[in-house]
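The values are calculated or read from the model by the stated rules, or taken from the named source; none is laboratory data. Every value quoted in this text rests on a predicted model; they were computed, and no experiment measured them. All Cβ positions, glycine included, derive from the backbone under ideal geometry; neighbour counts span all protein chains shown.
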Amino acid sequence: MKSLFGSFLYCLSLLVVQVHGTNFRFYGYEPQRISPAIPYIRPVQAAQSAISATGIQCKSRPLDLVLIIDSSRSVRPGEFEKVKIFISDMIDTLDIGQDATRVAVINYASTVNIEFHLKTYFNKVDMKQAVSRIKPLSTGTMSGLAIWTAMNEAYTEKAGARPASQNISKVAVIVTDGRPQDKVQAVSAQARASGIEIYAIGVDRADMQSLRLMASTPLDEHVFYVETYGLIEKFTSQFRETLCGKMLAER
């Protein structure tokens, strides 16, 4: 069964055109994890598909969801605000609660900060207010360290992750616009082996090779790219429209 975000990104992929890996920058070396194509959102398509569904809430199976956001110096203040809007919109879409989906947010640059843990908030209002207070770190891009922190600090029972006996899916979504300044392959493989499903969203200058190394397989369902931060806000509207409609049809 696909995870909630698997359904989200699958639905989203119905609206994209395919862009092959050779169209992206690989900084002088070939990708080590090859997928047929990477879903790519064109600005006009995304804008046309962003149909508002304010007030619609989807009931879904619980997740332990960790959102990992890049706030390095390449992310301008206005762009970072758009990422925060994306996160807040995503929270609105989810069924948040102690026995439903739990959310943590990790903010990273050269250092990593867990803005709040899976056990910190169980209602949307407090969670969104916490997101609105997040400040960019504005230094380097240590994506590997951020994933390590998610695996070893955010996904612990002490931090609010539920025990394996409850069979709660662990999903991490990393949003970045640059090339990591540390190693991501080994730590990402370790995180995936521990049961974390990783989705990688690249923006603008994002290094597609690194996104592929971080993400779970199949890569064409777990790696996504948008041209600008202005586009990232469009993900959630389509997710809400498509996924809610699908769930209502299945009832």
Going through the stretch 136-186 in order, the residues found to be under 18 Å from the mean Cα position of the chain (by Cα) and basic (Lys, Arg) are LYS170, ARG179
Being crowded, with 20+ Cβ neighbours inside 10 Å, closer than 20 Å to PRO62 by Cβ, small (Gly, Ala, Ser) and in contact (Cβ under 8 Å) with a residue 60 or more places away in the chain narrows ALA172, ALA104 down to just ALA172
From the option list ILE201, ILE196, single residue qualifying as within 15 Å of the chain's Cα centre (by Cα), closer than 25 Å to ASP95 by Cα and at pLDDT below 95 is ILE201
When restricted to ASP126, ASP95, ASP177, the only residue surrounded by 19 or more Cβ atoms within 10 Å (Cβ to Cβ), closer than 27 Å to LYS234 by Cβ and among the acidic types (Asp, Glu) is ASP177
Filter the stretch 138-160 for residues that are touching a helix residue (DSSP H, G or I) at 6+ places or on another chain (Cβ under 7 Å), surrounded by fewer than 21 Cβ atoms within 10 Å (Cβ to Cβ) and not aromatic (Phe, Trp, Tyr); the one that is nearest to GLY195 (Cα to Cα) is GLU153
Quick count over the stretch 209-223, residues being aliphatic (A, V, I, L, M) and at pLDDT 95 or above, is 4
Residues in the stretch 154-195 that are over 23 Å from GLN98 (Cβ atoms) and among the aliphatic types (A, V, I, L, M) total 8
